[in-house]
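Colleague: Here it is, the structure in full.
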Amino acid sequence: MTTVKGRGRSPTCCAPLSLHHPTCTKHWNKSPAGKRSRLSGLSATLRRGILPTNGCLSDLGERSDCLDSLSPSERSKIMARVRSKDSRPEMLVRRLVYAQGYRYRLHAKDLPGCPDLVFRRREKVIFVHGCFWHRHEGCALARMPKSRLDFWQPKLQANKRRDTRNKRQLVREGWKVLTIWECQLKNSERLGVRVRRFLDA
């Protein structure tokens, strides 16, 4: 067990280490065995606040141009933790919609693209997209990494083509589709109006 020097008790973190809780950032003093203990390299990466998530780039603002300051191994670790469901932007939208009195189903696997929020009686769906992963055109959060373009360009372009294909299929099946981008979550009042108009139309 690692102890805090001079306190004799175990350090605790306020939340589990994850992309959405980059809170465990302290470097502890030497352990009784004399070896310096510190959090993983992933924690250090998160402390620098650098990489795309399916949902947390909005916290980084203009620092989204720092994508390439990660080493391949650091980037690989973070990519493995990116959520496809229950991302921070999605949770914010779900709370907003619920607070307005609407009820919905989540991630309907029987529909093209597995929409994030499904309103079956209204025949409407909402997708909550991360700007980086789904290529929000003209958005600063969607900046393309400067390295490994042979990997990133095909991957991200495939995401965008898949989104377009799923939306067209949903429309053909009679569904109305609303896409909410993570950068649009900054103004919750405007977003709330947009959601109400979509669902009540």
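Colleague: Quick check: anything in region 143-151 part of a loop (DSSP other than H, G, I, E, B) and at positive phi?
Modeller: yes
Colleague: Among the numbered criteria (1) assigned to a helix (DSSP H, G or I); (2) surrounded by fewer than 16 Cβ atoms within 10 Å (Cβ to Cβ), which one does GLY138 miss?
Modeller: (1)
Colleague: On to the next question. Can we say ARG105 is out of contact with any Pro (no Cβ under 8 Å at 6 or more places or on another chain), assigned by TED's automatic domain parsing to the domain that holds LEU92, loosely packed, with under 11 Cβ neighbours inside 10 Å and without any contact (Cβ under 8 Å) to a residue 24 or more places away in the chain?
Modeller: Working: out of contact with any Pro (no Cβ under 8 Å at 6 or more places or on another chain): yes; assigned by TED's automatic domain parsing to the domain that holds LEU92: yes; loosely packed, with under 11 Cβ neighbours inside 10 Å: no; without any contact (Cβ under 8 Å) to a residue 24 or more places away in the chain: yes.
For ARG105, the condition - out of contact with any Pro (no Cβ under 8 Å at 6 or more places or on another chain), assigned by TED's automatic domain parsing to the domain that holds LEU92, loosely packed, with under 11 Cβ neighbours inside 10 Å and without any contact (Cβ under 8 Å) to a residue 24 or more places away in the chain - is not met.
Colleague: Just checking, how many residues over region 119-175 are of a type in the set (Lys, Arg) and touching a strand residue (DSSP E or B) at 6+ places or on another chain (Cβ under 6 Å)? Break it down into steps so the answer makes sense when it comes.
Modeller: Taking region 119-175 first, the residues of a type in the set (Lys, Arg) are 120-122, 124, 135, 143, 146, 148, 155, 160-162, 165, 167-168, 172.
Remaining after also requiring touching a strand residue (DSSP E or B) at 6+ places or on another chain (Cβ under 6 Å): 124, 167.
The total comes to 2.
Colleague: Now for a different question. Just need a number here: residues in region 117-128 that are in a loop (DSSP other than H, G, I, E, B) and crowded, with 23+ Cβ neighbours inside 10 Å. Working first, answer last.
Modeller: Taking region 117-128 and keeping what is in a loop (DSSP other than H, G, I, E, B), we get 120-123.
Narrowing further to those that are crowded, with 23+ Cβ neighbours inside 10 Å: none.
Residues that pass the stated criteria total 0.
Colleague: Whether any residue in region 85-92 is surrounded by 13 or more Cβ atoms within 10 Å (Cβ to Cβ), among the small types (Gly, Ala, Ser) and at pLDDT below 60 is what I want to check. Give the steps one after another, and end with the answer.
Modeller: Just the residues of region 85-92 that are surrounded by 13 or more Cβ atoms within 10 Å (Cβ to Cβ), to begin with: 86-92.
Those still in the list that are among the small types (Gly, Ala, Ser) too: 87.
With at pLDDT below 60 added as a condition, the list becomes none.
Scanning region 85-92, I find no residue that is surrounded by 13 or more Cβ atoms within 10 Å (Cβ to Cβ), among the small types (Gly, Ala, Ser) and at pLDDT below 60, so the answer is no.
Colleague: Of the residues ASP200, ASP110, ASP116, ASP150, only one is within 18 Å of LEU92 (Cα to Cα), among the charged types (D, E, K, R) and without any contact (Cβ under 8 Å) to a residue 40 or more places away in the chain; which? Don't jump to the end; show me each part of the working.
Modeller: Values: ASP200 fails: within 18 Å of LEU92 (Cα to Cα); ASP110 fails: within 18 Å of LEU92 (Cα to Cα); ASP150 fails: within 18 Å of LEU92 (Cα to Cα).
Being within 18 Å of LEU92 (Cα to Cα), among the charged types (D, E, K, R) and without any contact (Cβ under 8 Å) to a residue 40 or more places away in the chain holds for just one of ASP200, ASP110, ASP116, ASP150, which is ASP116.
Colleague: What single numbered condition from (1) at pLDDT 95 or above; (2) surrounded by 14 or more Cβ atoms within 10 Å (Cβ to Cβ); (3) of a type in the set (D, E, K, R) fails to hold for ARG165?
Modeller: Result: ARG165 fails condition (2) only.
The values are calculated or read from the model by the stated rules, or taken from the named source; none is laboratory data. Just so you know, these numbers come straight off a predicted model, no measurement behind them. Ideal geometry is used to build each Cβ from the backbone, glycine not excepted, and the neighbour counts take in all protein chains shown.
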